[in-house]
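Working notes, structure below.
Please treat every number below as a calculation from the coordinates, not as lab data. Quick caveat, the model's predicted, so the values are computed rather than measured. Positions of Cβ are generated from backbone atoms using ideal geometry, with glycine treated the same way; all protein chains shown enter the neighbour counts.
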Amino acid sequence: MKITINSPLDMHLHLRDEDMLKVVAPLSSKDFTAAIIMPNLLPPVTTIQDVKAYKQRIKDAIGDDNFEPLMTLFFKDNYDYEFLKEAKEYISAIKLYPAGITTNSEGGVSSVDASSLAPTLKAMSELEIPLCIHGESDGFVMDREKEFVPVYEHLATAFPKLKIIMEHITTKDSVDALKRHDNLYATITLHHLYITLDDVAGGMLQPHLFCKPIAKRPEDKEALLQVALEANPKVMFGSDSAPHPKTAKEAPGCAAGVFTAPIALPALAQLFDKHGKLENLQAFISDNAQKIYNFKPLKKDITLKKEEFEVPANYNNVVPMFAGEKLSWKVL
Ligand code: NCD
Ligand code: ZN
């Protein structure tokens, strides 16, 4: 059995920089036609100059592959209308991180508050620049996303024309909130469709499955699966593939992030196939995102075959999800 996906999109991707960029970028550009590139470098991507230079480094790393890096800026509350008007030409979205909530987010906003962020959000709304948010509070780790839901709802109500992407949602609460507001959308990762906290810490600790937001409860995973498998038009695939060197993962103080870019398409095909929903994969991996972000990607057809694929143990010492395991689909 085979399936062809037209223009697969990864709407949340970490490509890093320098040597890591050279290792991971070709693994995404091989299987995807475009990806939203996260700006959480050190220092973060905050100027038009940064965006252009980073995009060029990505293009250099992928060689001749037909792949469009869709760039983002790291949200700062001092971005004004004139700056954003100029930046719009070079970016697809702006990513907001609460300060210190995840890898390289120290320069994020100290309080996600609609009135103090109003000038920037108003300008983004007028300029039709989508706002991507890492939505977690600084509360108890299992409750962080749930506690952030009222913030999403407040922003969605205060700025009804602003497209807000709830990034890498992990809870049923987020799925419910998404359905209550026309201008809320969400990305869903591969790993949150496969695992719960049990897989991370229920037995021997699995550092390669440790990420932010942490995987949640079975009922949360079920809620995510439901909207993903039906390809609900408000959700789209965003891998949040977040590579770290093996030494940073297999260590005390394990870095957060699951590396899924090279196995994302086969693992998604396996999942949708298992649930008898292969016909919805195209919408989840591409069509929904095109409508939400209102763009036409480069044309690229990727064919997958139902055939055993043994996932490599690592890619230059970056360990992918399912390392050493067998998946039932492979990219041809
Ligand atoms: C991401 C990273 O490593 O950059 N880590 C993660 O656990 N997902 C940052 C993020 O998206 O939170
Ligand atoms: Zn991320």
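To the nearest 0.05, what FRET efficiency results for PHE140 and GLU230 with a Förster distance of 25 Å applied to their C-beta separation?
The pair PHE140/GLU230 has a calculated efficiency of 0.20.
Give a residue-ordered list of calculated ³J(HN,Hα) values for segment 207-220 (Karplus: 6.51 cos²θ - 1.76 cosθ + 1.60, θ = phi - 60°; whole Hz; x for Gly, Pro).
Those phi angles translate into x, 6, 10, 7, 8, 10, x, 4, 4, 10, 8, x, 5, 5 Hz.
Compute the relative contact order of the chain as a whole-number percentage, counting only Cα pairs closer than 8 Å that sit 6 or more residues apart in sequence.
Relative contact order of the chain: 20 percent.
For segment 139-293, what does the relative contact order come out to in percent, with C-alpha contacts under 8 Å and a separation of six or more?
23 percent
Hey, rough spin-label estimate for ALA99 and ASP77, points 7 angstrom out along Cα→Cβ, what's it come to in nanometres?
0.9 nm
Which residue, THR189, VAL311, LEU73, has the largest displacement toward the positive end of the dipole of the chain when charges sit on each Cβ (Lys, Arg +1; Asp, Glu -1)?
Value computed over the given set: VAL311.
Once the principal axes of the Cα atoms of segment 180-228 are found, what is the range along each, listed largest first in whole angstroms?
Over segment 180-228, Cα extents along the principal axes are 41, 18, 14 Å.
In segment 125-193, which chymotrypsin sites (Phe, Trp or Tyr not before Pro) are in a loop and have at most 11 other Cβ atoms within 10 Å, using DSSP for the loop call?
Taking segment 125-193 and a limit of 11 other Cβ atoms within 10 Å, the loop chymotrypsin sites (Phe, Trp or Tyr not before Pro) found are PHE140.
If I stretch the segment between THR47 and ASN66 completely, what's the gain in nm (0.36 nm per residue apart, minus their alpha carbon distance), one decimal?
4.3 nm
Can you give the Rg/Rh ratio of segment 1-76, where Rg is from the C-alpha atoms and Rh is the Kirkwood radius?
1.00
How about segment 271-305: which trypsin sites (Lys or Arg not before Pro) there lie in a loop by DSSP and see at most 11 other Cβ atoms within 10 Å?
Of the trypsin sites (Lys or Arg not before Pro), the ones in loops of segment 271-305 whose Cβ has at most 11 other Cβ atoms within 10 Å are LYS299.
Taking segment 133-200 on its own, what percent of its Cα-Cα pair distances exceed 15 Å?
That tail contains 51 percent of the Cα-Cα pairs.
Which entries in LYS246/LYS330; LYS85/LYS122; LYS88/LYS300; LYS274/LYS306 show an alpha-carbon gap greater than 19 Å?
Over 19 Å apart, Cα to Cα: LYS246/LYS330; LYS88/LYS300.
Kirkwood hydrodynamic radius, segment 52-118, all distinct C-alpha pairs: what's the number in Å?
Taking every pair of different Cα atoms in segment 52-118, averaging 1/r and inverting gives 13.8 Å.
In the structure displayed, which of LYS163/LYS212; LYS179/LYS326; LYS22/LYS221 lie more than 29 Å apart, Cα to Cα?
LYS179/LYS326; LYS22/LYS221
Averaged across orientations, what area in nm² does the convex hull of the alpha carbons in segment 271-331 project?
Mean shadow area of the hull around the Cα atoms is 5.6 nm².
Name the longest site-free stretch of the chain, where the excluded sites are GluC sites (Glu not before Pro) in a DSSP loop with no more than 15 other beta-carbon atoms within 10 Å.
Here the longest run is 129-229.
Would you calculate a helix-derived [θ] at 222 nm for the chain, using -39,500 (n - 2.57) for each DSSP H run of n ≥ 4 and dividing by the full residue count, to the nearest 500?
Only helices count here, giving -9500 deg cm²/dmol.
Using a simple charge model, +1 on the beta-carbon of Lys and Arg, -1 on the beta-carbon of Asp and Glu, nothing else, what dipole does the chain show about its Cα centre, in debye to the nearest 20?
Roughly 620 debye for the chain.
Given segment 2-331 reduced to its alpha-carbon atoms as identical point scatterers, what log10 I(q)/I(0) does the Debye formula return at q = 0.10, 0.12, 0.14 Å⁻¹?
Scattering profile of segment 2-331, log10 relative to I(0): -0.52, -0.78, -1.11.
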